[in-house]
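The values are calculated or read from the model by the stated rules, or taken from the named source; none is laboratory data. The structure presented is a predicted model; accordingly, all values stated were derived computationally and were not measured. Please note: Cβ atoms are built from the backbone with ideal geometry, for glycine as well, and neighbour counts cover all protein chains shown.
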Amino acid sequence: MSKIQSLRGMNDCLPEESPVWQYLEATAARVFKRYGYREIRFPLLESTELFKRSIGEVTDIVEKEMYTFTDLSEERKSITLRPEGTASCVRACEQHGLLYNQVQKLWYGGPMFRYEKPQKGRLRQFHQFGVEAFGMAGPDIDAELIALTARLWRELGIDDIVALELNSLGTPESRARYRKELVSFLEGVFDELDSDSQRRVASNPMRVLDSKDPSTQALLQDAPNILDYLDEESKQHFDGLQQLLDALGITYRVNPRLVRGLDYYSRTVFEWVTTELGAQGTVCAGGRYDGLVEQLGGKPTPAVGFAMGLERLVLLVQERHALPATVQQQVDVYVVADQKLLAHALRMAEQLRDQVPGLRLQTHCGGGSFKSQMKKADKSGARIACLLGEDEVQAGSVTVKYLREDRPQETISFEQLTRLASELADLQ
Ligand code: ATP
Ligand code: MG
């Protein structure tokens, strides 16, 4: 019988890879906490309407990337696997009254689903961490969010391979003025545009600006610049943000052609990009979306946030070998015992776990000769092997073999072993 495979673009995370994921997730969660963000969790499935209304009908996501199907309920409701988190976050906040007369600083993480062509750094089930700040209208929170991401890159050791790009999309009104000018420019060069861009001139002309086609990009050199169309307040906001970033020593490049795929952005937009991942160069993207809460039925609420793609960050961390050795190594102590002494071995292991809670200890199970047990101990990556034979049990001691150091084996008491184990646990 043929074996069943996973779906295309939906990866397993194997035990060899999970340490780098855990390291990334723990580092990010710690940084979010240090900036006062609290975690929120919401379902993977939402009503399709939520995404249509927030992301926008003429976006890649809603047009062709959503996993949408009919629920089994009597209403035959259309439901969708979440393609991103912001919409659900706003929905949950509104539903539970979290935005009423207060600011909220929230983060979330987990799988997102988009029907895309799978390739390196682009999957159908991928993972994001997102951060959203509600109720603050000024550039200060935009700058702090960016500082948070910059700190995370430093902690992950990838700050020298990512760069910040910044733009302002103004307000819906100023954008409408710009859009009109852009459309007339694009109509003038219509025949020379790539076919995707031609289609977008009518449906979503702003998206032409981030066309990947080189000849379209060359034509866009002469396109009107969105920053020339900003209203006074948006201009001040953008200037204010740049001053704050300068004061924080965060370098950036203003890129007037940076637009985001989703409809709901206003004013600040930013992306952290890398040249190390080919076409999948954006590792973190976000911006301000002051209109979205109202668009989803709430009161007007300023909001700003970002999402980062974990698959791409994992690739960067791996590329940098930025992973501390102790994260890769999963076992500190490996217990090797005479088969007749298994009860002693298991009991000693339990006592050691009681004494040293941080210890990663593995008792050899499944039988085998002393030699084969020692091979397993070495392969486990453990720093020491604890050998238990008749002599040791008689004397209430244990023989320690140092697997990573050039040091002779020694027979020590359980108390000495506890101290040694504590030292190993502290190394992590
Ligand atoms: P792209 O232009 O690469 O398609 P996007 O603009 O669609 O990205 P966002 O919706 O802004 O992406 O999502 C934020 C981040 O999530 C991206 O910058 C990227 O790191 C990650 N991401 C988005 N789609 C995928 C995917 N299919 N696979 C892996 N990561 C993804
Ligand atoms: Mg996309």
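In the set Leu244, Leu220, only one residue is more than 16 Å from ligand 1 (Cβ to nearest atom), in a helix (DSSP H, G or I) and in contact with a Ser or Thr (Cβ under 8 Å, 6 or more places away or on another chain); that residue is Leu220. Of Glu74, Glu84, Glu57, Glu25, all but one fail to be in a loop (DSSP other than H, G, I, E, B), in contact (Cβ under 8 Å) with a residue 40 or more places away in the chain and of a type outside the set (S, T, N, Q); the exception is Glu84.
So is Val304 surrounded by 20 or more Cβ atoms within 10 Å (Cβ to Cβ), more than 16 Å from ligand 2 (Cβ to nearest atom), at pLDDT 95 or above and assigned to a strand (DSSP E or B) or not? Criteria met by Val304.
Considered as a group, the residues in the stretch 74-114 that are away from ligand 2 (no atom under 16 Å from the Cβ) and among the aromatic types (Phe, Trp, Tyr) include one that is nearest to Asn11 (Cα to Cα), and that residue is Tyr108.
So is Val283 assigned to a helix (DSSP H, G or I), crowded, with 19+ Cβ neighbours inside 10 Å and within 29 Å of the chain's Cα centre (by Cα) or not? Spelling it out, it is not the case that Val283 is assigned to a helix (DSSP H, G or I), crowded, with 19+ Cβ neighbours inside 10 Å and within 29 Å of the chain's Cα centre (by Cα). Across the stretch 201-215, the qualifying residues are those that are within 18 Å of Asn167 (Cβ to Cβ) and assigned to a helix (DSSP H, G or I), and the one among them that is modelled with the lowest pLDDT is Asp210. If you go through the stretch 150-174 and keep only what is of a type outside the set (A, V, I, L, M, F, W, C), touching a residue at least 40 places away in the same chain (Cβ under 8 Å) and surrounded by fewer than 22 Cβ atoms within 10 Å (Cβ to Cβ), you end up with Arg151, Glu155, Gly157, Glu165, Thr171, Pro172, Glu173, Ser174.
Restricting to the stretch 68-83, give me the number of residues that are within 10 Å of Tyr115 (Cβ to Cβ), away from ligand 1 (no atom under 12 Å from the Cβ) and within 23 Å of the chain's Cα centre (by Cα).
Total satisfying the criteria: 1.
Among the residues of the stretch 307-343, those that are of a type outside the set (Val, Ile, Thr), more than 16 Å from ligand 1 (Cβ to nearest atom), in a helix (DSSP H, G or I) and at pLDDT below 90 comprise Arg320, Ala325, Gln328, Gln339.
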